[in-house]
Every structure is written in structure tokens, then in C-alpha cells.
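**Student:** I have a structure here, written as C-alpha cells, and I will follow up with some questions on it.
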Amino acid sequence: MKKPLFLIALAVGVVCFGGNVAGATINLVTNGDFETGTFSGWNLSGYTDSKWLHIDSFVDSSKPQLAYFVLTLEPPTSTPAFLSQTINTVSGQQYTVSFDSLVSGGSPNLLKVTIGSQIIYDSVNGAIHDWSHSSFNFTANASTQILTIEAANDPSQIRLDNIAVIAVPEPSTYALFGLGALALVVAYRRKVA
């Protein structure tokens, strides 16, 4: 009798605290991992010469999160490249913007990420670094937001992958899951008794 109750409590704990709330992991960015091998879903502007703005195959078994294709940006800082995409949001809802980046050349370089009028990430002459993950929260102020990436690197390149915008679940969502789990435990105990 105690073993099924333990299993229910374990399952509830995994759902409420170890897993993601339904809908919380839907990436609102189209083709943010560039696995189509194209720029589908993205609007390009600024320096868009395919010699300096392209999608490359990239295989590194030590970094499986990078999959196969990555965006490579190499335009000069005097005329950076811009990628943008309109994201459907809910005004007042909190979201997380995240991406993986690599800077392989020195200065001058720039990487700027904005959503609507909010600057999420702004690096000018950033240090050379291997792949790193960046994540930032913002609150939507309209029903649609334009995600814009501005990048340039005169001496070498900036690479990007896994660009995502994901809704952050509200605390009330967790409370509802907890109440639902409690109701299941109470119903089970009544059935057993």
C-alpha cells in the first residue's frame, strides 16, 4: 500500500520539479538551430554577402548540443550583418532568450541581440572564446516582438547556434500542478481506504 503512494509522489515530484511544465519548452524561434542548412525563417539585412554570412557544417563530438549546422558571421564591423525574426509573444509574459556563441577572432568585433526595443546582449570587442551558452530573461511588451541579431568580426568570425525564445512558466502554473498532484494523492488514498 505504501509503495504505490511512493511511486505517485515520485512521479508528481518529477513532473512538478524535475521536468518542464507543458508548453514551457516550445522554442518560438523558427530554425534557431539552422538545421535546415538555410536561413529559412530569418530576414537578412546589412552585409549579407554569402562569403561573409553563411551556414556551415560543424561536427564536434565534445559539443553534441551544436548538432550539425551553425551560423557563421564574418562581415566587417563598419557594415554588420543583421538577422531578424518576428516572434509571437504575450504582453506581460516573461521569456528567456538563449543562444550558443563562439568568437574566433580578436577586435574589432560585435555581437548584439535585441528583442523589440530591449537590448538582451551587447558585446563590442568581446574576448575570443570557445563555444559558450548565454541566457537572458525579458518581459514581452507587445503581442509580437522582433528578435534581431547584429554581428560583425573583422579579423575572423562569430558563430551562433541554438537561438531560442521560450516562455517562462509563471509560479501559479507550478501551484496548479501541485494542487493537481495533491488531488491525485487524496483520491488514491480514498480509493485504497
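**Student:** With a 10 Å Cβ neighbour count serving as the proxy for reagent exposure, in which order, fewest first, do S40, S98 appear?
**Tutor:** Fewest-to-most Cβ neighbours within 10 Å comes out as S40, S98.
**Student:** Calculate, for V168 and K191, the FRET efficiency according to 1/(1 + (r/R0)^6) with r their C-beta to C-beta distance and R0 35 Å; round to the nearest 0.05.
**Tutor:** Approximately 0.45, to the nearest 0.05.
**Student:** Another one. How charged is the neighbourhood of V124? Take every other residue with its Cβ under 11 Å from the Cβ of V124, and add Lys/Arg as +1 and Asp/Glu as -1.
**Tutor:** For residues surrounding V124, the net value is -1.
**Student:** Something else now. Hey, which aspartates and glutamates would be in cross-link range of K191, C-alpha to C-alpha under 20 Å, not counting anything within fewer than 8 residues on its own chain?
**Tutor:** The reachable aspartates and glutamates, counting only those whose Cα sits under 20 Å from K191, number zero.
**Student:** Still on this structure: What does the extension gain come out to for T86 and K51, with contour length at 0.36 nm per residue minus their alpha carbon separation?
**Tutor:** Here the segment from T86 to K51 would lengthen by 10.0 nm.
The numbers here are math on the coordinates, done by the rules we state, and not lab data. Keep in mind that this is a model prediction, so the values were computed, not measured. FYI the Cβ positions are ideal-geometry reconstructions off the backbone, even for glycines, and counts take in every protein chain you see.
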